[in-house]
Amino acid sequence: MAYFAHNTAVIDEGCQIGKDTKVWHFSHIMPNCIIGENCNIGQNVVISPDVKLGNNVKVQNNVSIYTGVLCEDDVFLGPSMVFTNVVNPRSAIIRKGQYTRTVVKRGASIGANATIVCGHDIGAFAFIGAGAVVTKNVPAYALLVGNPARQVGWMSEYGHRLEFNNDGIAVCPESNEKFHLKDGVVTKIS
């Protein structure tokens, strides 16, 4: 086995788990999940059937990832955050065939106790603050906070708030990478 699973973890048949991934205490990986290499699945995590996680995804304790979610490489899911997968759930109504897809793009971070309402994609390197409730699509590099979540700025790939000058240019203080803001879209300048 090329991955580690704590002896209290439950991994159902049909899962693919990449090399050097770790699955910790009391977590449940349900059938047909695909989990990439070098992921960390914290304790008490539930990953529902058919979920796909890319490489180097970090899932903190008590996270629920429901069917319909796709996380690309380098995604961070903070403690106790949750995804939904049905817009109008009712206990007495079976809606298994109506799961709504949510994509979390490469490098995005979702803070502790945040909720991502299904059908709303999170852009690359976006940063969702702790406790935020996301009810709309999130652009790449956007910083969102609150309930409902609202955009309050932009973040670098290293997780620093970007301050744009009059020409729409910002520099990450850690990486020195440059970013350009034009018409509400941030792009990295190569």
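The values are calculated or read from the model by the stated rules, or taken from the named source; none is laboratory data. Everything quoted here is computed from the prediction, not taken from an experiment. Cβ coordinates were reconstructed from backbone atoms using ideal geometry, including for glycine residues, and neighbour counts include every protein chain displayed.
Yes/no matrix, rows are residues, columns are (1) touching a helix residue (DSSP H, G or I) at 6+ places or on another chain (Cβ under 9 Å); (2) within 23 Å of P139 (Cα to Cα); (3) of a type outside the set (D, E):
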{"position": "Y3", "(1), (2), (3)": "no, no, yes"}
{"position": "F26", "(1), (2), (3)": "no, no, yes"}
{"position": "I41", "(1), (2), (3)": "no, no, yes"}
{"position": "D50", "(1), (2), (3)": "no, no, no"}
{"position": "N56", "(1), (2), (3)": "no, yes, yes"}
{"position": "R90", "(1), (2), (3)": "no, no, yes"}
{"position": "G97", "(1), (2), (3)": "no, no, yes"}
{"position": "V104", "(1), (2), (3)": "no, yes, yes"}
Looking at the structure I just gave you, is D20 part of a loop (DSSP other than H, G, I, E, B) and buried (at least 16 other Cβ atoms within 10 Å of the Cβ)? no
Of V117, V57, which residue is under 26 Å from H160 (Cα atoms), buried (at least 17 other Cβ atoms within 10 Å of the Cβ) and in contact (Cβ under 8 Å) with a residue 24 or more places away in the chain? V117
Restrict the check to the stretch 54-62 and report whether at least one residue is over 26 Å from A126 (Cα atoms) and assigned by TED's automatic domain parsing to the domain that holds V104. no
Only one of these is hydroxyl-bearing (S, T, Y), surrounded by fewer than 18 Cβ atoms within 10 Å (Cβ to Cβ) and under 30 Å from D50 (Cβ atoms): S175, S91. Name it. S91
Residues of the stretch 71-82 being crowded, with 18+ Cβ neighbours inside 10 Å and either more than 18 Å from C118 (Cα to Cα) or in contact with a Gly (Cβ under 8 Å, 6 or more places away or on another chain) (or both), which ones? C71, E72, D74, V75, G78, M81
Which residues, counting only those in the stretch 144-161, are among the aliphatic types (A, V, I, L, M) and surrounded by fewer than 20 Cβ atoms within 10 Å (Cβ to Cβ)? V145, V152
Note on the stretch 147-190: residues part of a loop (DSSP other than H, G, I, E, B) and under 24 Å from N85 (Cβ atoms) are N147, P148, A149
Among the candidates C71, C15, C39, single out the residue that is at pLDDT 95 or above, more than 26 Å from Q98 (Cα to Cα) and not acidic (D, E). C39
Yes/no for G107 being closer than 23 Å to N61 by Cβ, surrounded by 18 or more Cβ atoms within 10 Å (Cβ to Cβ) and not hydrophobic (A, V, I, L, M, F, W, C): yes
With respect to N165, determine if the residue is touching a residue at least 12 places away in the same chain (Cβ under 8 Å), exposed (fewer than 13 other Cβ atoms within 10 Å of the Cβ), of a type outside the set (A, V, I, L, M) and out of contact with any His (no Cβ under 9 Å at 6 or more places or on another chain). no
Search the stretch 107-133 for residues being of a type outside the set (A, V, I, L, M, F, W, C) and assigned to a strand (DSSP E or B), and hand back the single one that is farthest from E157 (Cα to Cα). T115
Taking only the stretch 65-79 into account, find how many residues are over 17 Å from F127 (Cβ atoms) and either over 11 Å from the mean Cα position of the chain (by Cα) or touching a residue at least 24 places away in the same chain (Cβ under 8 Å) (or both). 5
Hey, does the stretch 134-146 have a residue that's in a loop (DSSP other than H, G, I, E, B) and more than 23 Å from V103 (Cβ to Cβ)? no
From C39, C15, residue being touching a Ser or Thr at 6+ places or on another chain (Cβ under 6 Å) and in the same structural domain as V117 (by TED's automatic domain parsing): C39
